[in-house]
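Structure, as structure tokens:
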């Protein structure tokens, strides 16, 4: 038996050709725009045959009779038992002109070739989009009843199917698959569309929230999903049945899930938080179209919407399909497949395979240079407090990645030692000795760096001072608050203000502020420290609002407790879980690469949410920690002794509240 297939290099087409070639003695002729052996070799490998059984026919969908030469047509004439037309544009975001050229004109060109070569049977791959946005149940014998076909993709798929029904002179069969996802056995998929648009949203939720924390999801219409292996198996079987000409078959799930259920299934497959509470997108339907258009005409509204959709990786018109109103009857397909074992598997049984394949092969982040080297090589990176702790670790990673790395600190001996360590590792670092909390020294430092290096590209405000002391032990120590504010806030702001003009001139810059988890959890005993870090975050938020369209990014890192010299005087912290400076530096690297507005641990975000939703509960939790962990002897005005063994309660609480300052 001989076949001709258009779209044989596509996601469904490749698999259908392989299925057809499994039939004994079969030969498949397939349309290709290039006969280059190097381009065709991967196809032959995939199909497991040589060119004698999979015969390339050079042509183009946009050319009459598909551009197949007369000589090739002569060879094919009278030989083709089944002609499968799968080539089409499956892209909701494609321009209307492209949809028309491929889906409508391409179908006419295909039928002209079918007639020229006297193919005995024609199989047309349509889509449930041919029904438009029909309200209710759309049967397999319905066509003219389609409604709401304004979208170019829906309209052109409907018109293409109409062309087959009216103009095809060979016996024909039409197949309407629903949203086709990856293989239910392997998860393999070739592009992101349909349900895959929501994978990035789910991934973001997983990164910022613990899996046990319930979240709010969307509810809407039913979304019909089928795996590609079902589509191929069903199409192959039905195509070879007798007595089915002139019929349409819905390759759909007879029991489709609602949008909210699909998102929930995918979230569980990704080990992301459950979307236990759902907002029904139908509520948006109460807003008149005129009001929607008026709102979208406003520049701020349009920019916000575009920014949100871009950040979530969603196409602009995806929300129009959340409330998809059409159900699809597939009784003809079920009748034709009865007794074969070919059926749509439950999404729950293979969703994890789809997720795993997407995250390993299709996640857009995989195709972006997400290396530190790609972000900093040849650029000037300034790290304050770079002679020890987090700053030293960050500077080391930046230097390894090829950045022009500058560190600044007060202690000349530590700076010299750090420089020797870097040189021993074959790395270069520029070290400046300056007290940036002193306005004159800070300004002089900014001037020197600007004169010698033209400013900085990335500024990491890491230098800081922390004081762990209860307020009741600080009544006569107002200078503690002044010193924290001077270094943690004023010095950082002064440096930022000093380097911002150069960044604005280059239309590029990134300011990273090392903040604290205490800003999110309102840690007791750290009122001076947390207040200064909160002030820096507030400044950054305001600055970001001014410069977000000027190429300047601001990132705040709510750092959990880190094992640095700054916490060494507090003996209690020797028994509390902490991050190493290298682990903390990895968070800074993540900030440099991805440029998020904030980086925080899940526990920190949870603390912020609890404080926002139920501040009294948050206060009780933190007060419990305040009473459970005493002030250090020095903070209480006593002589420091050896660190005592923590109690069972302290160990349990510190493990539960890992990374929070006590």
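The values are calculated or read from the model by the stated rules, or taken from the named source; none is laboratory data. Quantities reported herein were computed from a predicted structural model and do not represent experimental measurements. Quick reminder, even Gly has a Cβ in these numbers, built from the backbone with ideal geometry, and neighbours come from all protein chains shown.
Table for the structure above
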| read-out | value |
| --- | --- |
| Selection from region 252-271 of residues that are under 20 Å from residue 325 (Cβ atoms) and in contact with a strand residue (DSSP E or B) (Cβ under 8 Å, 6 or more places away or on another chain) | 252, 253, 256, 257, 258, 259, 260, 262, 263 |
| Residues of region 1-42 that turn out to be modelled with pLDDT of 90 or more and either within 20 Å of residue 75 (Cβ to Cβ) or out of contact with any strand residue (DSSP E or B) (no Cβ under 8 Å at 6 or more places or on another chain) (or both), as a count | 29 |
| Options 384, 418: the member that is buried (at least 22 other Cβ atoms within 10 Å of the Cβ) and farther than 22 Å from residue 560 by Cα | 418 |
| Residue 15, sole failed condition from (1) touching a helix residue (DSSP H, G or I) at 6+ places or on another chain (Cβ under 8 Å); (2) farther than 27 Å from residue 129 by Cβ; (3) in a helix (DSSP H, G or I) | (2) |
| Filter result for residue 510 (surrounded by fewer than 23 Cβ atoms within 10 Å (Cβ to Cβ) and farther than 20 Å from residue 460 by Cα) | no |
| Residue among 409, 463 that alone is within 34 Å of the chain's Cα centre (by Cα) and in the same structural domain as residue 527 (by TED's automatic domain parsing) | 463 |
| Count of residues meeting criterion [in a helix (DSSP H, G or I) and without any contact (Cβ under 8 Å) to a residue 40 or more places away in the chain] in region 68-106 | 8 |
| Leading residue by the ranking (surrounded by the most Cβ atoms within 10 Å (Cβ to Cβ)) among those in region 19-46 that are in contact (Cβ under 8 Å) with a residue 24 or more places away in the chain and farther than 21 Å from residue 119 by Cβ | 43 |
| Index of the failed condition, residue 335 passing every other in (1) within 27 Å of the chain's Cα centre (by Cα); (2) modelled with pLDDT of 95 or more | (1) |
| Residue check, residue 436 surrounded by 16 or more Cβ atoms within 10 Å (Cβ to Cβ), touching a helix residue (DSSP H, G or I) at 6+ places or on another chain (Cβ under 8 Å) and modelled with pLDDT of 85 or more | yes |
| Lone qualifier among 143, 154 - being in a loop (DSSP other than H, G, I, E, B), touching a helix residue (DSSP H, G or I) at 6+ places or on another chain (Cβ under 8 Å) and touching a residue at least 24 places away in the same chain (Cβ under 8 Å) | 143 |
| Condition check for residue 525: closer than 23 Å to residue 609 by Cβ and in a helix (DSSP H, G or I) | no |
| Some residue of region 486-494 being under 24 Å from residue 399 (Cβ atoms) and in the same structural domain as residue 390 (by TED's automatic domain parsing) | yes |
| Residue in region 225-239 that is more than 27 Å from residue 333 (Cβ to Cβ) and surrounded by fewer than 18 Cβ atoms within 10 Å (Cβ to Cβ) present | no |
| Residues that are touching a residue at least 12 places away in the same chain (Cβ under 8 Å) and surrounded by fewer than 22 Cβ atoms within 10 Å (Cβ to Cβ), drawn from region 467-486 | 467, 469, 470, 471, 473, 474, 480, 481, 483, 485, 486 |
| Matching entry among 316, 310 (being under 26 Å from residue 594 (Cβ atoms) and at pLDDT 65 or above) | 310 |
| Search result, residues across region 535-585 that are at pLDDT 80 or above and closer than 18 Å to residue 523 by Cα | 535, 536, 537, 538, 556, 557, 558, 559, 560 |
| Residue within region 116-123 that is assigned to a strand (DSSP E or B) and closer than 22 Å to residue 235 by Cα present | yes |
| Number of the exception - residue 134 against (1) surrounded by 23 or more Cβ atoms within 10 Å (Cβ to Cβ); (2) at pLDDT below 95; (3) within 21 Å of residue 262 (Cβ to Cβ) | (1) |
| Single unsatisfied condition, residue 127 versus (1) closer than 26 Å to residue 358 by Cα; (2) at pLDDT below 90; (3) touching a helix residue (DSSP H, G or I) at 6+ places or on another chain (Cβ under 6 Å) | (2) |
| Residue that is at pLDDT below 90 and either more than 30 Å from residue 183 (Cα to Cα) or surrounded by fewer than 18 Cβ atoms within 10 Å (Cβ to Cβ) (or both), where the choices are 370, 410, 379 | 370 |
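This table checks each residue for (1) at pLDDT below 95; (2) closer than 16 Å to residue 12 by Cβ; (3) outside the structural domain of residue 139 (by TED's automatic domain parsing); (4) not in a loop (DSSP other than H, G, I, E, B).
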{"position": "163", "(1), (2), (3), (4)": "no, no, no, yes"}
{"position": "173", "(1), (2), (3), (4)": "no, yes, no, yes"}
{"position": "183", "(1), (2), (3), (4)": "no, yes, yes, no"}
{"position": "197", "(1), (2), (3), (4)": "yes, no, yes, yes"}
{"position": "203", "(1), (2), (3), (4)": "yes, no, yes, yes"}
